[in-house]
Amino acid sequence: MGPMKLRSHLLVLTLGTLLPMLVFALIALGLLAERERALFERGAKERTLAVLTAIDGELGNSMTTLQALAASRHLDEGGLREFHRDAMRVLPTQPGWTSMSLATPQGEPLLRVPDEFGDKLSELPGRETFEQVLRTGRPAVRPLRRDAASGRWEFGAHVPVVRYGAIRYVLTAAIDPRKIRALLDAQRLPPDWVGVVVDHERRVVAQTSAPDTALGQPAPETLRAALEGPAEGWFHDPSGEETALYTAFNRSGFSGWTVAMSMPAAAVDAGLGKAAWTTTVGVVVALLAALLLAAGLGHRIAAPISALASVAKAMTAGQQAELPNPGGVAEIREVGRALVDAANTARTREHALRSADRAKDEFLAMLSHELRNPLGALAGAAHLLRLLAPKDETAIRATDIVGRQVQHMTRLVEDLLDVSRVTRGKISLSREPLDLARAVESVVQQWRSSGRLAKHAVRVELSPAWVRADAARIDQIISNLVGNAVKYTQDGGQVTITVSRERNAALLQVRDSGMGMSPDLAARVFDLFVQGETSLDRSLGGLGIGLTLVKRLAELHGGTAAAASEGPGKGSVFSVSLPAIEAPLQAPAAQAAPAEPAPRRLHKILLIEDNDDARRTLSLALQMNGHQVYAAPDGKVGIETADAVDPEVAVIDIGLPGINGYQVGEDLRRKPAHESMVLIALTGYGQPDSLRRARDAGFDEYITKPIEPERLMRLIDVACAAKERRRDASRPPA
């Protein structure tokens, strides 16, 4: 008898495997009721959380509006009448607000909107939360109260008006609870469900059943008891008015308010009996069928399948795969042979890919070095030309062109290396609280100062939006988006940069009136090396990696990036959304800049650089600024020169022939005579571990080429001053 077809084995195996599956189904039947109830519970909790999130959003928006109004300059100048006019204009724009009032910290009412200025004012309700605002200096939600004048039920929000570190006034908005009821009604709960919202004093603010009579009443006793425990819960109430109930609730940590939803227990348990009956009948029928059809054929198929599994495991581990025993199944013999071939081919390709990846990394490192060396020489030459102050206007323009193109080439090299690191996951973030609006303001100011925005109408609309992020990478995201907008927008076009806080996200948008995109390009514009249509002259330039960096860096921060356009010629909108955090109670203090030494201080400097042009231009630039410079073309000559002249500073290229820069630094650090020497690593390599290796070798500073002479001189002054401070601090007191 020849081997059976695999589908014949699988048909019999399927029938045989029903037996353990059906036994398991009998065991699982006892867990079904709990599972169904848990699903019901989770759904109810999610609905309460959705309503609670919407309520917190409304309360937060109200507080934000009050805080914006509290910043009015009229309150600085005591202009209560002018502030009253401002408040009269704001009130109609806030749906659900019934009034606004301003009071002193002692509780004396000063004005009320919509009342006329100067009208007699009644005492403010909600004194408890008023006092809470005075104690904490933070906004607070006022619980539900009946207004003494109108008799209406209202809740509200108190916001302190702080001037010079002290609370000068308290601004209050009274809000109609029907605004909260509308959020509850929007859930469209089933008719036999009851939804209720209670404030932090356990008083009903809104309810779907008998909403008018329940308003302002204490919450049900069972709910009040449950609220003494965790902020989220689910409980069974057998003492409902007509039937037993299940209730889910969620309490806000922001406002202390609670959303609860109650449903009949019968509705929760209704499907359990039917499911139990259906499962029992199915188990019995399937068990009988399995007993009749399964005849131990599983063993015939299990062994060859296990052999195939062994081949698959060998493939995963990268081991040599051998042909499994087919166990009498023709198809398994063919699959086994294919798996062996695939495993061996995959291993060969994996080795090739790893070799290619290593070669790529080495190529990028060498490319970085080889590009940075001539860029360093060009940067030094441009600096020398500026120092020589040519009088010819054409020479001045040519010098400026060289400087700009060196900066442009440097940015291209950095972007190329960054995108390589990001795609390989070899980039780390130094996160700290950061106001995205301030970051945008700083980048735009830098671009304006450099003249890169001179040909465009650039408008910024910034609102505070705090994130926990790496400041340098956020600047990179902003710069790439602004640069993209400027590049693809004609001279005189409009570029608008906005920052806003939307719920739990900080949103950065850059909108331009430029050339726009087709839907196909918008869908893939963040892919590596993708660009819009370019002319043969490549006038727009670029490598097509800037937006890829934007997307990858946003994702590393837990955010997203998106692009949209109404079509070619209609401009584009690029958006980056990052997880938002609450603003720190006290903004992080800016890191104090190191004290700059006297600008005319001169140093004895040793420059070790194997690139002749870079060494000559940098040496000349340093000498023209008054420094005493000794130059060496390699590490051996550099060490000999250091021993002979004992320089104060050594600027050492890492990629030296023979003895590399790390070895030169280690040699100098081992000698007591050079203990106080400042060592600065200057390199064209940009690999992630270069900084660590430089620190281990004893270098004080690490910079990548090209380095402008002015920047190098400032760095030398700062490093020398820091070294002297450390040396003075280590000396024993006299």
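The values are calculated or read from the model by the stated rules, or taken from the named source; none is laboratory data. In this text, all values refer to a predicted model and were calculated from it rather than measured experimentally. Positions of Cβ are generated from backbone atoms using ideal geometry, with glycine treated the same way; all protein chains shown enter the neighbour counts.
Residues considered: VAL161, VAL113, VAL196, VAL204. Of these, the only one that is closer than 19 Å to GLN94 by Cα and buried (at least 19 other Cβ atoms within 10 Å of the Cβ) is VAL113. With respect to being assigned by TED's automatic domain parsing to the domain that holds PRO706, on the phi > 0 side of the Ramachandran plot and of a type outside the set (A, V, I, L, M), GLY635 falls outside the description.
The set of residues in region 469-527 being aromatic (Phe, Trp, Tyr) and without any contact (Cβ under 8 Å) to a residue 40 or more places away in the chain consists of PHE526 alone.
Say we look at region 86-102 and pick out the residues that are part of a helix (DSSP H, G or I) and in contact (Cβ under 8 Å) with a residue 24 or more places away in the chain; which of these is surrounded by the fewest Cβ atoms within 10 Å (Cβ to Cβ)? Step by step, filter region 86-102, then rank; the result is MET88.
Yes or no, residue by residue, for (1) over 24 Å from GLY253 (Cβ atoms); (2) touching a residue at least 12 places away in the same chain (Cβ under 8 Å):
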| site | (1), (2) |
| --- | --- |
| LYS120 | yes, no |
| LEU124 | yes, yes |
| THR172 | no, yes |
| ARG178 | yes, yes |
| LEU184 | no, yes |
| GLN207 | no, yes |
| PRO211 | yes, yes |
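All conditions but one from (1) modelled with pLDDT of 90 or more; (2) closer than 30 Å to ALA583 by Cβ apply to ARG145; the one that does not is (1). Only one of the numbered conditions (1) surrounded by fewer than 18 Cβ atoms within 10 Å (Cβ to Cβ); (2) over 24 Å from ASN61 (Cβ atoms) is violated by GLN476, and that is (1). Examine region 675-689 for a residue that is touching a Lys or Arg at 6+ places or on another chain (Cβ under 9 Å), of a type in the set (Val, Ile, Thr) and at pLDDT 85 or above, and state whether such a residue exists. Looking for residues that are touching a Lys or Arg at 6+ places or on another chain (Cβ under 9 Å), of a type in the set (Val, Ile, Thr) and at pLDDT 85 or above, one finds at least one in region 675-689, hence yes. Only one residue in ALA650, ALA722 is assigned by TED's automatic domain parsing to the domain that holds ASP612 and buried (at least 21 other Cβ atoms within 10 Å of the Cβ). Which one? Being assigned by TED's automatic domain parsing to the domain that holds ASP612 and buried (at least 21 other Cβ atoms within 10 Å of the Cβ) holds for just one of ALA650, ALA722, which is ALA650. When the test is whether a residue is at positive phi and either modelled with pLDDT of 90 or more or of a type outside the set (D, E, K, R) (or both), ALA174 does not pass it. The listed residues are GLY165, GLY151, GLY216, GLY195, and the only one of them that is farther than 21 Å from ASP115 by Cβ and more than 39 Å from the chain's Cα centre (by Cα) turns out to be GLY216.
From the list ALA631, ALA673, ALA697, the one residue that fits, being in contact with a Phe, Trp or Tyr (Cβ under 8 Å, 6 or more places away or on another chain) and in contact (Cβ under 8 Å) with a residue 24 or more places away in the chain, is ALA697. There is no residue in region 224-243 that is surrounded by 19 or more Cβ atoms within 10 Å (Cβ to Cβ), out of contact with any His (no Cβ under 6 Å at 6 or more places or on another chain) and either polar (S, T, N, Q) or farther than 22 Å from GLY43 by Cα (or both).
Residues that are modelled with pLDDT of 90 or more and of a type outside the set (Val, Ile, Thr) within region 434-452 comprise LEU434, ASP435, LEU436, ALA437, ARG438, ALA439, GLU441, SER442, GLN445, listed in sequence order.
Residue count for region 209-246 satisfying the condition of being among the polar types (S, T, N, Q) and at pLDDT 90 or above: 1. In region 103-115, the residues that are without any contact (Cβ under 8 Å) to a residue 40 or more places away in the chain and closer than 20 Å to GLU128 by Cα reach residues that are outside any strand (DSSP E or B) and of a type in the set (Ser, Thr, Tyr) with C-beta atoms within less than 9 angstrom, at least six apart or across chains, in these pairs: PRO109/SER122; ARG112/SER122. Entry remark, region 605-622: residues being within 23 Å of LYS723 (Cα to Cα) and either surrounded by fewer than 15 Cβ atoms within 10 Å (Cβ to Cβ) or of a type in the set (Val, Ile, Thr) (or both) number 2 in total. Residues that are touching a residue at least 60 places away in the same chain (Cβ under 8 Å) and closer than 17 Å to LEU59 by Cβ were ranked within region 126-157; the one that is surrounded by the fewest Cβ atoms within 10 Å (Cβ to Cβ) is TRP153. Against the conditions (1) assigned to a helix (DSSP H, G or I); (2) over 14 Å from ILE608 (Cβ atoms); (3) in contact with a Gly (Cβ under 9 Å, 6 or more places away or on another chain), PRO706 satisfies every one except (1). It is to be established whether one or more residues within region 502-511 are at pLDDT 90 or above and among the basic types (Lys, Arg). Yes - at least one qualifying residue is present in region 502-511.
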